[in-house]
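As structure tokens, the structure follows; a few thoughts come after it.
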Amino acid sequence: MIEFQNVEKYYGDFHALKNINLQITKGEVVVVIGPSGSGKSTMLRCMNALEEITTGVLTVNEVDLHSPSTNLNDVRKNLGMVFQHFNLYPHKTVLDNITLAPIKVLKKSREEAVAKAEELLAKVGMLDKKEAFPSQLSGGQQQRIAIARSLAMEPDVMLFDEPTSALDPEMVGEVLEVMKSLAREDGMTMIVVTHEMGFAREVADRVIFMADGQILEDAEAETFYENPQDIRAQQFLSKIIDH
Ligand SMILES: Nc1ncnc2c1ncn2[C@@H]1O[C@H](COP(=O)(O)OP(=O)(O)OP(=O)(O)O)[C@@H](O)[C@H]1O
């Protein structure tokens with residue numbers, strides 16, 4: 001579904017991704033962890049072509065993102081992305097936030113888009129807030145709306161970039177629950193940058209540890225947390241466990 005072959009990424013002279021080789025198959029839940037600045041966001045952003053790779057091959061659903069004939073907007077439609085900051089439209093209701101892109105981009109009728117939005121709002125436990133404005137919602141509620149908004153585009157892969165790290169601790173659980181149900185009940189293919197070890201252990205098929213632009217470990221979650229092989233992974237885990 002997503003494949004990196006010998007991918008390198010430079011920002012000017014800075015070597016941000018070093019020889020990335022990675023294959024993610026349909027239905028897999030992959031958690032990416034690593035120290036700040038290790039290239040996790042960059043790798044995620046390359047997947048939906050928000051960043052361009054410098055060399056190597058990156059394919060999404062067998063489409064080569066670098067090929068001149070590739071329509072990146074078509075590729076992006078299949079990839080939902082949820083960021084640390086939710087970026088909902090402040091002057092639109094929850095329902096309008098969710099239906100905007102399906103109506104504009106997928107050319108759905110308003111009725112169809114609303115029906116889908118209501119189904120998704122029920123799924124994330126927010127149907128009673130459909131007429132609310134973002135400022136009337138907590139951070140956890142806004143992030144659940146942001147997830148519903150991404151799902152409304154009917155993506156076949158969801159990318160999450162530290163979706164809970166801007167939330168107050170008491171709101172982290174409600175967002176992780178939505179993500180867990182997405183993985184377990186819907187079998188969604190998910191790539192999640194997060195340090196939430198509980199989520200990784202319970203839901204992830206694999207954990208990828210990055211440092212200094214490289215993938216240093218790629219292992220089954222339980223194996224990784226019980227017995228990390230890479231020395232930097234061991235040091236990183238001991239730090240996050242201490243905190
Ligand atoms: N647009 C950019 N221009 C130049 N350098 C960049 C750019 N984006 C990221 N970088 C650099 O690339 C490196 C990797 O950044 P990236 O955001 O991918 O790391 P990360 O592992 O996601 O970090 P964090 O956990 O702090 O979000 C960092 O050193 C960062 O400063």
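Every number here is computed from the coordinates shown, using simple stated rules; none is lab data. Only a predicted model underlies this, so the values are computations on that prediction, with no experimental measurement involved. Cβ atoms come from the backbone with ideal geometry, glycine included; neighbour counts cover every protein chain shown.
Remarks
- Convex hull volume per residue in cubic angstrom - Cα atoms of the stretch 1-58: 78 Å³
- Each residue of the stretch 188-243 gets 85 Å³ once the volume of the Cα convex hull is shared out per residue.
- For the stretch 1-138, a/c is not less than 1.5, where a ≥ b ≥ c are the root eigenvalues of the C-alpha gyration tensor, and a/b tops b/c. That puts it in the prolate class.
- Rounded tilt (10° steps) of 139-151 against the dominant C-alpha axis of the chain: 90 degrees
- Its Kirkwood hydrodynamic radius, worked out from the mean inverse distance over all distinct Cα pairs, puts the stretch 68-154 at 13.2 Å.
- Note: relative contact order over the stretch 96-243, using C-alpha pairs below 8 Å and six or more positions apart, is 16 percent.
- Volume per residue that the Cα convex hull of the chain spans, once the total is divided by residue count, Å³: 128 Å³
- 5 angstrom amide H check on F160, placed H, neighbours 5+ away: V82, I191, V192, V193
- Label-point separation in nm, E111 to F133, each point 7 Å along Cα→Cβ: 3.0 nm
- Taking only alpha carbon atoms, the stretch 104-243 gives an Rg to Rh ratio of 1.03, where Rh is the Kirkwood radius.
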